[in-house]
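Q: My questions will all concern the structure given below.
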Amino acid sequence: MDIETGPTDAGRAATVVEWTVVESAIGPLFLAATGRGLVRVEFHADAERRERMPARLAGQLGAEPVERASGLLAEPVRRLDRYFSGEPDALDLPLDWSLTTGFNRQVLRELASGVPYGTVVGYGELARRVGQPGAAQAVGAAMGSNPLPLVVPCHRVVESDGGLGGFGGGLETKRRLLALEGVLPAPLF
């Protein structure tokens, strides 16, 4: 489920933003949510990222984020635990699309709805699905700007020749996620 919003929505100043950092099988994740849904996921949420992300979100969303793991984030935290336990549909969450627009939003929404757990898609195929068959590189740029990685599964986008392609969370993280979903064999050690 997702909710269509944009960066110029009326009432932005009244937006409540909650954030937390949770441990996961791929390291600490920074999560933020509004009343509309999950708005931000950030990999490798070390102390430096924990320090800068709330201020960055405040600038982007026009509201001062509050650190809290309950309320708006309780369900996303539970669903992430279920996902990392191997439950395929665990990440079907309400999403706030405020941090992406235009072509990037179109590509990310197609990715979220059209590339299920345990499958992959090529950059070119994803471009074709959104009506821009020559825009494989632009799809790559959309993946790089994804404010909701993992939940909007940019780790499922691969090169047409079978290569992994890039990944903002690092290729080892991409390999681990694809192994969790059964696309790649699990590492031996």
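The values are calculated or read from the model by the stated rules, or taken from the named source; none is laboratory data. In this text, all values refer to a predicted model and were calculated from it rather than measured experimentally. Positions of Cβ are backbone-derived with ideal geometry, glycine not excepted, and every protein chain shown enters the neighbour counts. Heavy atoms of the whole protein, side chains included, go into the accessibility calculation; ligands, DNA and RNA do not. Shrake-Rupley method; radii C 1.70, N 1.55, O 1.52, S 1.80 Å.
Q: Please report, as a whole percent, how much of the solvent-accessible surface of the chain comes from carbon and sulfur atoms (probe radius 1.4 Å).
A: 52 percent
Q: For the pair Ala138 and Glu23, how long in nm is the line joining their label points, each one 7 Å along Cα→Cβ?
A: So the two model labels end up 4.4 nm from each other.
Q: Please work out the Cα center distance from region 39-88 to region 151-177, rounded to the nearest Å.
A: Between the Cα centres of region 39-88 and region 151-177 lies a distance of 21 Å.
Q: Residues of region 90-189: accessible area per residue at 1.4 Å, in Å²?
A: Result: 44 Å² of accessible area for each residue.
Q: Counting Lys and Arg as +1 and Asp and Glu as -1, what is the net charge of the other residues whose Cβ lies under 13 Å from the Cβ of Ser85?
A: -1
Q: Enter the angle in degrees (range 0 to 90, nearest 10) between the Cα long axis of helix 74-84 and the first principal axis of the Cα atoms of the chain, meaning the one along which they spread out most.
A: Tilt of helix 74-84: around 20 degrees.
Q: Out of region 83-189, which GluC sites (Glu not before Pro) are coil in DSSP terms and have no more than 15 other C-beta atoms within 10 Å?
A: In loop regions of region 83-189 (DSSP not H, G, I, E or B), the sparsely surrounded GluC sites (Glu not before Pro) are Glu159.
Q: So, one more: Would you pull out the residues with amide H under 5 Å of Val158's amide H, same chain only if 5 or more places away, H placed 1.01 Å from N?
A: Those lying under 5 Å, H to H, from Val158 are Val121, Gly122, Tyr123.
Q: Note the angle between two axes, namely the Cα long axis of helix 47-61 and the longest principal axis of the Cα atoms of the chain, as a number of degrees from 0 to 90, rounded to the nearest 10.
A: Roughly 70 degrees between the two axes.
Q: I've got another one for you. Ser160 label point, 7 Å along Cα→Cβ, cut-off 11 Å on backbone N: hits in region 107-126?
A: Residues 122-126 qualify, since their backbone N sits under 11 Å from the label point.
Q: Compute the acute angle (0 to 90°) between the alpha-carbon long axis of helix 171-180 and the principal axis of greatest extent of the alpha-carbon atoms of the chain; round to the nearest 10°.
A: 80 degrees
Q: Given contacts defined as C-alpha pairs under 8 Å and at least six residues apart, what's the relative contact order of region 99-188, whole-number percent?
A: 29 percent.
Q: Explain nothing, just the number: dipole magnitude of the chain about its Cα centre with +1 on each Lys and Arg Cβ and -1 on each Asp and Glu Cβ, in debye rounded to the nearest 20.
A: 200 debye
Q: Per residue of the chain, what 222 nm ellipticity follows from adding -39500 (n - 2.57) for every DSSP H run with n ≥ 4, rounded to the nearest 500?
A: Dividing the helical sum by the residues of the chain leaves -10500 deg cm²/dmol.
Q: Another question about this same structure. Can you give me the distance in nm between label points at Asp46 and Asp89, each placed 7 Å from the Cα along the Cα-to-Cβ direction?
A: Inter-label distance under the simple model: 3.9 nm.
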